[in-house]
1. Here are some conditions: (1) over 23 Å from residue 416 (Cβ atoms); (2) open to solvent by 10 Å² or more (accessible area, probe 1.4 Å); (3) not in a helix (DSSP H, G or I). Residue 311 meets all but one. Which one does it not meet?
2. Before we move on, is residue 515 modelled with pLDDT of 95 or more and outside any strand (DSSP E or B)?
3. Residues being over 16 Å from residue 195 (Cβ atoms), of a type in the set (A, V, I, L, M, F, W, C), modelled with pLDDT of 90 or more and surrounded by 21 or more Cβ atoms within 10 Å (Cβ to Cβ): count how many of those fall in the stretch 43-79.
4. In this structure, does residue 161 turn out to be open to solvent by less than 50 Å² (accessible area, probe 1.4 Å), within 29 Å of residue 22 (Cα to Cα) and either at pLDDT 95 or above or part of a loop (DSSP other than H, G, I, E, B) (or both)?
5. Does residue 397 satisfy the condition of being assigned to a loop (DSSP other than H, G, I, E, B), closer than 24 Å to residue 260 by Cβ, touching a residue at least 24 places away in the same chain (Cβ under 8 Å) and not charged (D, E, K, R)?
6. Could you give every pair whose Cβ atoms fall below 7 Å, whose first residue belongs to the stretch 73-95 and is under 21 Å from residue 169 (Cβ atoms) and of a type in the set (Asp, Glu), and whose second residue is open to solvent by 20 Å² or more (accessible area, probe 1.4 Å) and modelled with pLDDT of 95 or more, counting only separations of at least 6 or pairs across chains?
7. What are the residues in the stretch 303-339 that are among the aliphatic types (A, V, I, L, M), in contact with a Cys (Cβ under 8 Å, 6 or more places away or on another chain) and modelled with pLDDT of 95 or more, if any?
8. When the residues of the stretch 423-466 are filtered to those that are assigned to a helix (DSSP H, G or I) and crowded, with 21+ Cβ neighbours inside 10 Å, which remaining residue is nearest to the chain's Cα centre (by Cα)?
Amino acid sequence: MADQRAGTHDPFTIEVIKDALAAVGDEMFVTLLRTSMSPIIYEVLDFASGLTDARGRLICQGQGVTGFIGMLSTSVDAVLEKWEGRLEPGDIVITNDPYIGGGSHLSDVSLVAPIFEDGALVAFAVSKAHWTEVGGMSPGSFTTDSTDIYQEGLQFPCVKIWSRGELNEALVETIRANVRTPDQTVGDLMAQAAAMRVGARAFHEVVAKYGIDAVLASIDALIEHGETIARLELAKLPKGTFTAVDYVDDDGLGNGPFEVRVAVTITDDEFICDFSGSHPQVAGPVNNTSTGLLSSAQVAFKAMTDPAAPANHGSFAPLRVVCPPGTIMSAGRPAPCSIYWESLTFGAELIWRAMAPHLPERLGAGHMASVCGTIVAGPHAETGDFVVLVEPEAGGWGANPAHDGNVGQFCCLDGETFVTQVEIAEARFGLRVESYRLDPIGAGAGRYRGGPGCIREYRILSDGWMVTSTAGRHAYPVWGLHGGADGSTNHVDVVTAAGETTRFGKVARHPLGTGDLVRIVTATGGGYGDPAEREPERVADDVRNGYVTVEEARALYGVSVDPVTFAATR
């Protein structure tokens, strides 16, 4: 079918249409960015937008959260399963069910809009975005102490929120009545719907210019090209079975650690990731789902094959994910999963860890391996309005054979996201950002050192506040590679106005008062290679730049550095 359709159109037109379709995903992305109400969307960029074909195959996806790369298609799959044959122009379906599509948590809400040409369904516009609030037991709607999905917020079971262009006002009023920030939440809903309409309009414009047959042929060609590239890159990978084992620290309820494992088998035709043997699903909300696991494997596979090219359905044709149901990586209803990312990230990093010794040109030592999702909420110090700051945190990545680890980056599943800008945080939420700086603690020593983690401090300016921290990898440090030292861990310190400090990995709704300080500390990446092989001059530069002290230079690298002249000798 693909060859027949593509064969009737010249390859230049096909390429132009392919680029035009890719631009549609970017236009949808910018629309949501500019019209949303919540900083988690317009500042942090915790969302993704794109197009699929009528069968749910990914055509294009704008920038944004890496871990959503497999979740747009599965959202469409869920819509097709429920509504196939009953979709009409003007419909928009809303879903956030982690178990049947989407694959994340209730806060990540997907809108799916069918696109019709001459009465025929030809594509879908899709948007998946993190809403600041979907209700539930905890401000911000994710927490570390939920014990089932019903405590985590509203569930939208693939229902039409627009039907033939008519808004379901009753559902909108239900949403408003069940969330703590109704204006923001409904505003983000409308912004997503706007992105859907922009995507549909842009798709129609491409069709009007080139014709539906040429557009459908280009979609097939795009997906076929993605598969061709993936298989060419698969042929370059080492063949065999490669394994890795790691541990999810805890489930937020005090249970753990939980072993997770993968066996990666690479053949001439397939890249098989088998997570069998991972711990059964747990009582707390760190559970991942099967669709989430697929997404994490897709991220790792893309990093090892063709990371620079835009992703589409064909990019993942050789990938197969195996995992029995009911594990911490593949949990089923009604298991809590509001901080699913703490297992989702391990899905990708386990594959990374298994393959890193064999692909040094693509994969380095371990990284922070946690979203470190943070909620700080309470009454605005000036207005008294209840506000909810929600953000991921940036940290350190591991070194590789060519250079030191990257600094101040998000975990591999978070992608092109950001922390909330200092000015926005202070103005919107009525607290003070006391500092935002690197954490030069000397961890991750190696011939190439791991990138330092970060420290971000919030000073609370009124009573009645709380903090929820979801920091993973707080008990097991980031792993080094080929003789490199381990990095550090993630954690949160709460320093009271009286100067008493309490340290947490995961914590739910810890009370805060005027003058208290929340200090978020993220991990330093792992080192690569023997620290004794690091050139003295580079160690001296590290001392000069504050990454290590004179004492650490001597203890970790065997290098003596003059603190005045920075002359170095081993």
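The values are calculated or read from the model by the stated rules, or taken from the named source; none is laboratory data. Only a predicted model underlies this, so the values are computations on that prediction, with no experimental measurement involved. Note: ideal-geometry Cβ built from the backbone for every residue, glycine included; neighbour counts use all protein chains shown. The protein model used for the area step is the full one, side chains on, heavy atoms only, and it has no ligands, DNA or RNA in it. Shrake-Rupley method; radii C 1.70, N 1.55, O 1.52, S 1.80 Å.
1. (1)
2. Here the answer is yes, as residue 515 does meet what is asked.
3. The total comes to 4.
4. yes
5. Answer is yes for this residue.
6. That search, which allows pairs on different chains as well, returns 88/164; 91/160; 91/163; 91/164.
7. 319, 321, 322, 329, 331
8. The residue in question is 425.
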